[in-house]
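Novice: Sharing a structure below in structure tokens format, with a few things to ask.
Rule-based calculations on the coordinates, nothing more; no lab input. Note that this is a predicted model, so its numbers are computed, not measured. Positions of Cβ are generated from backbone atoms using ideal geometry, with glycine treated the same way; all protein chains shown enter the neighbour counts.
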Amino acid sequence: MFFTNIKLAEKYNYLNEKFLAAYDWLRNNDLKALEPGKYEIAGDDVVANVQVYDTLPIEEKRFEAHDKFFDIQCLVEGVEFFGVCNREGLTVIESKPEKDVIFYDKPEVYGHVILYPGDFIVVAPEDAHMPGCALTAPAAAKKVVVKVRV
């Protein structure tokens, strides 16, 4: 799964060596067996974060975006409703530059994908995303989020 705008496809090379290292790591590791935590793939330019959590109702989630990193969000277990939209024009509700995250109010209209085990979505810095949402009811999930430096 891949989601982007054609303008961003021309701006970024989603097959450069950092992305290829991330895809290779995802393909060649037993993601189900990995313990939660941080795994370096290519120094601090490509880092995997293994997360175990319960999805939450959409009403409890908010959109976020990052300035310094792409996210490759790969679902390992469970199912997740994943909101996506362009961050341009969104209202900032909280900014944590030290953690490279900006949170936004939910827009009236946004897109979404449903992630199943093995699915991943690449989110560019220009994209806002709302991960970790329950599809129908909160449920256990495991995900690997690979951060790829811009």
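Novice: Please give the FRET efficiency for residue 95 paired with residue 60, using the beta carbon to beta carbon distance and R0 = 25 Å, rounded to the nearest 0.05. Provide the component values of the computation, followed by the final result.
Specialist: Numbers: r = 20 Å, r/R0 = 0.80.
The calculated FRET efficiency here is 0.80.
Novice: What number, rounded to the nearest 500 deg cm²/dmol, is the helix-based mean residue ellipticity at 222 nm of the chain, given -39500 (n - 2.57) per DSSP H run of at least four residues and division by all its residues?
Specialist: Values: 2 runs with 18 residues, N = 150.
It lands at -3500 deg cm²/dmol.
Novice: Can you give the longest run of the chain that contains no GluC sites (Glu not before Pro) sitting in a DSSP loop with at most 13 other Cβ atoms inside 10 Å? Each step should come with its number before you reach the end.
Specialist: Details: sites that count: 88, 108.
The reported range is 1-87.
Novice: Can you list the residues of the range 32-53 with backbone N under 15 Å from a point 7 Å past the Cα of residue 140, pointing along Cα to Cβ?
Specialist: Under cut-off, by backbone N: 32-36, 51-53.
Novice: For the pair residue 20/residue 77, report the inter-label distance in nm, with labels modelled 7 Å from Cα in the Cβ direction.
Specialist: According to this spin-label approximation, the distance is 3.3 nm.
Novice: So between residue 105 and residue 45, what do we pick up on full extension, going 0.36 nm a residue minus the alpha carbon distance? Spell out each step's value before the answer.
Specialist: Values: separation 60, 0.36 × 60 = 21.60 nm, distance 2.89 nm.
Length gained, residue 105 through residue 45: 18.7 nm.
Novice: What number, in percent, do you get for the relative contact order of the chain if the mean sequence gap of Cα pairs under 8 Å and at least 6 apart is divided by its residue count? Don't jump to the answer; show the numbers that get you there.
Specialist: On the way: 323 pairs, mean separation 55.6, N = 150.
So the answer I get is 37 percent.
Novice: Could I have the simple spin-label model distance between residue 149 and residue 67, label points 7 Å from Cα toward Cβ, reported in nm to one decimal?
Specialist: Result: 1.6 nm between the two label points.
Novice: Something else now. Can you work out ³J(HN,Hα) from phi for every residue in the range 139-150, in order, using Karplus 6.51 cos²θ - 1.76 cosθ + 1.60 and θ = phi - 60°, giving whole Hz and x for Gly and Pro?
Specialist: Coupling constants for the range 139-150: 7, 5, 8, 9, 9, 10, 10, 9, 9, 10, 5, 4 Hz.
Novice: Considering only Cα-Cα distances, which of the following residue pairs are longer than 26 Å: 32/96; 38/99; 18/142; 61/96; 68/143?
Specialist: Working: 32/96 30 Å; 38/99 14 Å; 18/142 23 Å; 61/96 17 Å; 68/143 21 Å.
Check vs 26 Å cut-off fails for 32/96.
Novice: Got a sec to turn the phi values of the range 122-138 into Karplus ³J(HN,Hα) couplings, 6.51 cos²θ - 1.76 cosθ + 1.60 with θ = phi - 60°, whole Hz, x for Gly and Pro?
Specialist: For the range 122-138, the Karplus-derived couplings read 9, 10, 7, x, 6, 9, 9, 9, 10, x, x, 8, 6, 6, 10, 8, x Hz, x marking Gly and Pro.
Novice: Now for a different question. Using alpha carbon centroids, what distance separates the range 22-44 and the range 58-124, in Å?
Specialist: 20 Å
Novice: Another one. Connecting C-alpha atoms closer than 10 Å in a GNM of the chain, tell me which of 135, 15, 90 has the biggest fluctuation.
Specialist: Answer for the Gaussian network model of the chain: 15.
Novice: Using θ = phi - 60° and the Karplus relation 6.51 cos²θ - 1.76 cosθ + 1.60, list the HN-Hα couplings for the range 83-97 in order, rounded to whole Hz, with x at every Gly or Pro.
Specialist: x, 9, 6, 6, 7, 4, x, 6, 8, 6, 10, 6, 10, 10, x
Novice: Oh, and also: Can you compute the radius of gyration and Dmax for the chain, using only the Cα atoms, both in Å?
Specialist: Using the Cα atoms of the chain, the pair Rg, Dmax is 14.6, 40 Å.
Novice: Specify, per residue and in Å³, the volume enclosed by the convex hull of the alpha carbon atoms belonging to the range 8-52.
Specialist: 89 Å³
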